[in-house]
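Read the structure below first, then the notes.
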Amino acid sequence: MLVLPAPGGELLNWSPSGPRPPAPPPTSPPTPLSPPTSRIAYAAAHVVADALADEPYAVDWDTTLAFREHLWSSGLGVAEAMDTAQRGMGLDWTTTQDLVTRTGAVAAGRPWCAGVGTDQLPPGPATVASIVDAWREQLDLVAGAGAVPVVMASRALAAAAKSPDDYHAAYGKLLSEAGGPVLLHWLGEQFDPALAGYWGHDDVRAAARELAALCREHAGAIAGVKVSVLDAKVEIEFRRALPDGVACYTGDDFNYPELIAGDAEGHSEALLGIFDPIAPVAAAGLRRLDEGDRAGFHALLDPTVALSREIFRAPTRHYKTGVVFLAHLNGHQNHFRMIAGQESARTITHLATLLRLADEAGVLADPDLAEARMRPLLQVAGVG
């Protein structure tokens, strides 16, 4: 039993709920499971910091790649070098190149995609031409490594663009030269305040209409669009406005079960940060959809929503802390440290809430291990 702090200042006793599954032998490799067939599903993967390095940006490559093996073995694809991997919050372009190259070397034909950004640009004003050049450099790396390129929203373009025309010019230039279908990524300002007003509009529905128009104009070069605006109604409207052949990938970590399940007019594929900590449950739920068992899908995925909403609560950009915390509790890494010290971005009460919600959602692989790893964090925080 643990004594956990609650947001109101009180202390609560916690013990894992339900039967405890036996812990797998620590040396046993996971048995690979087939990916779901009715939905495309990528888990945006975090990176594991090297806690013993002298500088705060070092990556533990062996553990980072082992976690990608865990995602693939669960039956999910890997979304590499996305914002979950701390792009723009500690992971620089030099390390990103290494990450993409290393993942490509072990992918062995398994599904993966990778982020194409402009974060190699120097600070200060950028031109549309320099932004396109930066995207092109990263796209060449990602495509050469064997991944599906995901063209990420650019902070530099958000700062440089004066109107929707600038977005059409930049994306149009890149897409006309892409050499193959890519995914686009619309990351809302909840995830990154520097992306406010993206697509040339402050109103989210107007921005969605602008992006849909871009997709219709360049449908042959766009395989899909990941939408991360945390508004299910906006995503559904956007999904219905896309041209044939352009898929919608939900990045909505608040409403993903209903968006993935879909309706009579369609569904969203998945490219989600929350799939990193809940990979086995998410993959099992998606296989229920393969079997036509929508009730079974919701029975597995719906209980994870409360956990996800707590992980991604405002300020949403700090969700990576909760993702890494759960990786530590579940035995995927032996410390709770992050690149650039981002583990300090959330409070001990938030982490305690995540522990309780992860237990209720059935995503703790070994509750005894989770309890043992939570104790020293509580002691450091002064909770007896």
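The values are calculated or read from the model by the stated rules, or taken from the named source; none is laboratory data. For clarity, every value in this text was computed on a predicted model and none was experimentally measured. FYI the Cβ positions are ideal-geometry reconstructions off the backbone, even for glycines, and counts take in every protein chain you see. What goes into the accessible areas is simple: the full protein's heavy atoms, side chains included, and nothing from ligands, DNA or RNA. Shrake-Rupley method; radii C 1.70, N 1.55, O 1.52, S 1.80 Å.
State yes or no: is residue 254 among the aromatic types (Phe, Trp, Tyr), at pLDDT 95 or above and open to solvent by less than 10 Å² (accessible area, probe 1.4 Å)?
Details: among the aromatic types (Phe, Trp, Tyr): yes; at pLDDT 95 or above: yes; open to solvent by less than 10 Å² (accessible area, probe 1.4 Å): no.
So residue 254 fails the test.
Is it the case that region 192-206 has a residue that's assigned to a loop (DSSP other than H, G, I, E, B) and under 16 Å from residue 269 (Cα atoms)? If you could, list the steps in order and put the result at the bottom.
Kept after step one, since they are assigned to a loop (DSSP other than H, G, I, E, B), are these residues of region 192-206: 192, 196-197, 201-203.
Imposing the further condition that a residue be under 16 Å from residue 269 (Cα atoms) reduces the set to none.
Looking for residues that are assigned to a loop (DSSP other than H, G, I, E, B) and under 16 Å from residue 269 (Cα atoms), one finds none in region 192-206, hence no.
Quickly run through region 231-270 and pick out the residues that are in a helix (DSSP H, G or I), over 21 Å from residue 292 (Cα atoms) and more than 18 Å from the chain's Cα centre (by Cα). Explain how you work it out, then say what you get.
Going residue by residue through region 231-270, those that are in a helix (DSSP H, G or I) are 232-241, 256-261.
In the following step, the residues that additionally are over 21 Å from residue 292 (Cα atoms) were identified as 232-241.
Correct list: 233, 234, 236, 237, 238, 239, 240, 241.
Within the set of pairs 6+ apart or on separate chains, which have a first residue in region 116-130 that is of a type outside the set (S, T, N, Q), a second that is in a loop (DSSP other than H, G, I, E, B), and C-beta atoms under 7 Å apart?
Short answer, once both residue conditions are applied: 116/152; 117/152; 117/154; 119/88.
Just give me the residues in region 167-185 being of a type outside the set (A, V, I, L, M) and crowded, with 18+ Cβ neighbours inside 10 Å, in sequence order.
Step one: list which residues in region 167-185 are of a type outside the set (A, V, I, L, M), which gives 167-168, 171-173, 176-177, 179-181, 185.
Listed by number, the residues that qualify are 167, 168, 171, 185.
Residue by residue through region 281-297, note down the ones that are open to solvent by 40 Å² or more (accessible area, probe 1.4 Å) and assigned to a helix (DSSP H, G or I). Reasoning before the result, please.
Narrowing region 281-297 to residues open to solvent by 40 Å² or more (accessible area, probe 1.4 Å): 287-288, 290-295.
287, 288, 290, 294, 295, listed by residue number.
Tell me which residues, restricted to region 101-125, are under 21 Å from residue 167 (Cβ atoms) and either polar (S, T, N, Q) or modelled with pLDDT of 95 or more (or both).
Step one: list which residues in region 101-125 are under 21 Å from residue 167 (Cβ atoms), which gives 115-121, 124-125.
Scanning region 101-125 gives 115, 116, 117, 118, 119, 120, 121.
Look through region 298-331, keep the residues that are assigned to a loop (DSSP other than H, G, I, E, B) and more than 17 Å from the chain's Cα centre (by Cα), and return whichever of them is surrounded by the fewest Cβ atoms within 10 Å (Cβ to Cβ).
Step by step, filter region 298-331, then rank; the result is 331.
Going by the conditions given, is residue 96 of a type in the set (Ser, Thr, Tyr) and crowded, with 24+ Cβ neighbours inside 10 Å?
Numbers: of a type in the set (Ser, Thr, Tyr): yes; crowded, with 24+ Cβ neighbours inside 10 Å: yes.
Taking the combined requirement at face value, the residue satisfies it.
Quick one: in region 207-230, which of the residues that are part of a loop (DSSP other than H, G, I, E, B) and at negative phi is most open to solvent (accessible area, probe 1.4 Å)?
Residues of region 207-230 part of a loop (DSSP other than H, G, I, E, B): 218, 229-230.
Add one more test, that the residue is at negative phi, and what stays is 218, 229.
Working: 218: 37, 229: 11 Å².
Filtering region 207-230 for residues that are part of a loop (DSSP other than H, G, I, E, B) and at negative phi, the one most open to solvent (accessible area, probe 1.4 Å) comes out as 218.
With respect to residue 94, determine if the residue is among the β-branched types (Val, Ile, Thr) and over 11 Å from the mean Cα position of the chain (by Cα). Can you show your working first?
Working: among the β-branched types (Val, Ile, Thr): yes; over 11 Å from the mean Cα position of the chain (by Cα): yes.
When the stated conditions are applied, residue 94 passes them.
If you scan region 136-186, which residues turn out to be part of a loop (DSSP other than H, G, I, E, B) and within 23 Å of the chain's Cα centre (by Cα)? Show your work before the answer.
Of region 136-186, the ones part of a loop (DSSP other than H, G, I, E, B) are 145-147, 152-154, 161-163, 177-181.
Once the filter is applied, which keeps residues that are part of a loop (DSSP other than H, G, I, E, B) and within 23 Å of the chain's Cα centre (by Cα), region 136-186 yields 145, 146, 147, 152, 153, 154, 181.
Looking only at region 186-203, count every residue that is open to solvent by less than 50 Å² (accessible area, probe 1.4 Å), in contact with an Asp or Glu (Cβ under 9 Å, 6 or more places away or on another chain) and at negative phi and tell me the total.
7
Give the number of residues within region 17-51 that are modelled with pLDDT of 75 or more and farther than 22 Å from residue 283 by Cβ. So that I can check it myself, show each step before the final result.
Narrowing region 17-51 to residues modelled with pLDDT of 75 or more: 17, 32-51.
From what's left, farther than 22 Å from residue 283 by Cβ: 17, 49-51.
Count: 4.
Any chance you could count how many residues in region 48-70 are open to solvent by 40 Å² or more (accessible area, probe 1.4 Å) and either over 16 Å from residue 96 (Cα atoms) or in contact (Cβ under 8 Å) with a residue 40 or more places away in the chain (or both)? Steps first, please.
So in region 48-70, the residues open to solvent by 40 Å² or more (accessible area, probe 1.4 Å) come out as 50-52, 54-57, 60-62, 66, 69.
Filter once more, keeping what is either over 16 Å from residue 96 (Cα atoms) or in contact (Cβ under 8 Å) with a residue 40 or more places away in the chain (or both): 51-52, 54-57, 60-61, 66, 69.
The number of residues fulfilling the criteria is 10.
I'm told residue 351 meets every condition in (1) closer than 21 Å to residue 383 by Cβ; (2) in contact with a Phe, Trp or Tyr (Cβ under 9 Å, 6 or more places away or on another chain); (3) open to solvent by 40 Å² or more (accessible area, probe 1.4 Å); (4) not acidic (Asp, Glu) except one. Can you identify the failing condition by its number?
Condition not satisfied by residue 351: (3).
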